[in-house]
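The values are calculated or read from the model by the stated rules, or taken from the named source; none is laboratory data. In this text, all values refer to a predicted model and were calculated from it rather than measured experimentally. Neighbour counts run over all protein chains shown; Cβ positions are idealised from the backbone, glycine included.
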Amino acid sequence: MCRFANRLAIALLALTLSLPALAVQPDEILKDPALEARARALSQQLRCMVCQNQSIDDSDAPLARDLRVLVRERLTAGDSDGQVIDFLVARYGEFVLLKPRISLHTLLLWGAPFAVLIIAAFGFLAARRRAAAVEPPRLTAEEEARINALLDKN
């Protein structure tokens, strides 16, 4: 029973340690819960410019902290979520968004996976047609005679 308890404790500890560490500091949290919820939702959509594959909500980088504070300042000033996002995109570019918007200059980014799948499907179909169209080579008279001789021995 003690072994089971130890294993359970280790499993729970591993699960706890694998959860993302939220980097929001207590001094950043807004007193209004509705504004704080909006700030957290926005922070999860914005890329840390230092870490690049983390949201500013998860990053401990000083720049991420500055961005979190900036988001909260803009929300406190009365900006909508869209205005906050637009402000940050104007300042840092589309790269600040973890999920880039679909626009003319990001069309290649969004369309490339589909284009690769379509090209691969056409290539696969063409290869199958080519393989089906190729006839297997005919046996020469000498090869047929050899096979018949082998079959007659059995």
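The rows are residues; the columns are (1) outside any helix (DSSP H, G or I); (2) outside the structural domain of Gln44 (by TED's automatic domain parsing); (3) acidic (Asp, Glu).
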{"position": "Arg91", "(1), (2), (3)": "no, no, no"}
{"position": "Thr106", "(1), (2), (3)": "no, yes, no"}
{"position": "Phe124", "(1), (2), (3)": "no, yes, no"}
{"position": "Ala132", "(1), (2), (3)": "no, yes, no"}
{"position": "Glu135", "(1), (2), (3)": "yes, yes, yes"}
{"position": "Arg146", "(1), (2), (3)": "no, yes, no"}
{"position": "Ala149", "(1), (2), (3)": "no, yes, no"}
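If we scan the range 45-56, do we find a residue that is of a type in the set (A, V, I, L, M) and part of a helix (DSSP H, G or I)? Before you say what the answer is, go through the steps one by one.
Here is the first cut: in the range 45-56, the ones of a type in the set (A, V, I, L, M) are 46, 49-50, 56.
Within this subset, residues satisfying the condition of being part of a helix (DSSP H, G or I) are none.
Looking through the range 45-56, none of the residues is of a type in the set (A, V, I, L, M) and part of a helix (DSSP H, G or I).
Given the structure, is Leu125 exposed (fewer than 10 other Cβ atoms within 10 Å of the Cβ), over 30 Å from Ile29 (Cα atoms) and aliphatic (A, V, I, L, M)? Let's see the steps before the verdict.
Details: exposed (fewer than 10 other Cβ atoms within 10 Å of the Cβ): no; over 30 Å from Ile29 (Cα atoms): yes; aliphatic (A, V, I, L, M): yes.
Against the criterion (exposed (fewer than 10 other Cβ atoms within 10 Å of the Cβ), over 30 Å from Ile29 (Cα atoms) and aliphatic (A, V, I, L, M)), Leu125 does not qualify.
Scan the range 47-83 for residues that are surrounded by 13 or more Cβ atoms within 10 Å (Cβ to Cβ) and farther than 17 Å from Ile29 by Cβ and report the count.
11
I'm checking my understanding of the structure. Among residues of the range 58-69 that are within 14 Å of Gln44 (Cα to Cα) and of a type in the set (A, V, I, L, M, F, W, C), which one is modelled with the lowest pLDDT? Show your work before the answer.
Going residue by residue through the range 58-69, those that are within 14 Å of Gln44 (Cα to Cα) are 58-60, 64-65, 67-69.
Subset that is of a type in the set (A, V, I, L, M, F, W, C): 64, 67, 69.
Values: Ala64: 87, Leu67: 90, Val69: 90.
Looking at residues that are within 14 Å of Gln44 (Cα to Cα) and of a type in the set (A, V, I, L, M, F, W, C), I get Ala64.
If you check every pair at least six apart or on different chains, which have Cβ atoms under 6 Å apart with a residue in the range 87-116 that is free of Cβ contacts under 8 Å to residues at least 12 places away in the same chain first and a residue that is in a helix (DSSP H, G or I) and not small (Gly, Ala, Ser) second?
Pro100/Glu94; Pro100/Thr106; Ile102/Trp110
From (1) part of a loop (DSSP other than H, G, I, E, B); (2) more than 30 Å from Ala39 (Cα to Cα), pick out the condition that doesn't hold for Val116.
So Val116 meets the others, but not (1).
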